[in-house]
Amino acid sequence: MASFWKTDYDSTIKKSKERMAKSEQLQLIDENAQWIKKIRDKNMYSLNYSTYKAKLELNEEEANHFEKISDYQTDLTFKSLPYELALMEKDSVLKQKRERWHTSLSKDVYIEEALNVLNDLKMTYGKTKVAESNTIKD
C-alpha cells in the first residue's frame with residue numbers, strides 16, 4: 001500500500017539529538033544520575049568519625065549542585081480541556097491536582113523536547129492514485 005504521508009524522520013532525529021546534546025538541563029540530569037549511581041555503588045565507609053562526617057558534608061555540597069534541576073522552567077503553558085474546566089468548577093480537589101500537574105509539565109525538559117520534536121516533524125501530503133476506473137468490455 002502506498003504511503004500518503006512523507007515524514008522527514010532523519011532530520012527530526014538529528015535536530016533532537018543536537019538540542020539534547022546542547023541542553024545544560026539534560027547534561028545536569030545525566031551528571032546527577034551518574035553521581036547517584038556512584039553513591040549507591042559505594043560499599044566501603046570509613047570507621048573514623050571525622051573522615052565519615054567530612055565525606056557526608058562533601059556529598060551534601062555535591063547534592064546542592066543538582067538543585068538547579070528542580071528550578072528548571074520552560075516557557076510552556078498548559079490548559080485543561082473545556083469539559084475538565086466545567087468539572088473543576090465543581091471539584092476544588094481536581095482543580096488543585098490539574099494546576100499542580102500543569103506546573104509540573106511546565107518544568108519538564110522531556111515534555112519540552114517532545115513538543116520540539118513534534119514541531120520539527122514535517123509532513124507533506126503525497127498525491128497517490130487511490131483507485132482506477134475499469135471499463136468492462138463485452
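All of the numbers you see were taken from the coordinates with simple rules; none came from a lab. From a predicted model like this one, the values you see are computed outputs, not experimental measurements. Here the Cβ positions follow ideal geometry from the backbone for every residue, glycine too, while neighbour counts run over all protein chains shown.
Restricting attention to the stretch 37-70 and to residues that are assigned to a helix (DSSP H, G or I) and of a type in the set (Phe, Trp, Tyr), the residue that is surrounded by the fewest Cβ atoms within 10 Å (Cβ to Cβ) turns out to be Tyr49.
Within the stretch 1-36, restricting attention to residues that are assigned to a helix (DSSP H, G or I) and among the aliphatic types (A, V, I, L, M), which residue is farthest from Tyr72 (Cα to Cα)? Selected residue: Ile13. Looking at the structure I just gave you, is Leu115 surrounded by 12 or more Cβ atoms within 10 Å (Cβ to Cβ), touching a helix residue (DSSP H, G or I) at 6+ places or on another chain (Cβ under 8 Å) and either farther than 27 Å from Tyr9 by Cα or of a type in the set (A, V, I, L, M, F, W, C) (or both)? For Leu115, the condition - surrounded by 12 or more Cβ atoms within 10 Å (Cβ to Cβ), touching a helix residue (DSSP H, G or I) at 6+ places or on another chain (Cβ under 8 Å) and either farther than 27 Å from Tyr9 by Cα or of a type in the set (A, V, I, L, M, F, W, C) (or both) - is not met.
Can you tell me which residues in the stretch 71-89 are surrounded by 13 or more Cβ atoms within 10 Å (Cβ to Cβ) and in a helix (DSSP H, G or I)? Hits for the stretch 71-89 are Glu84, Leu87, Met88.
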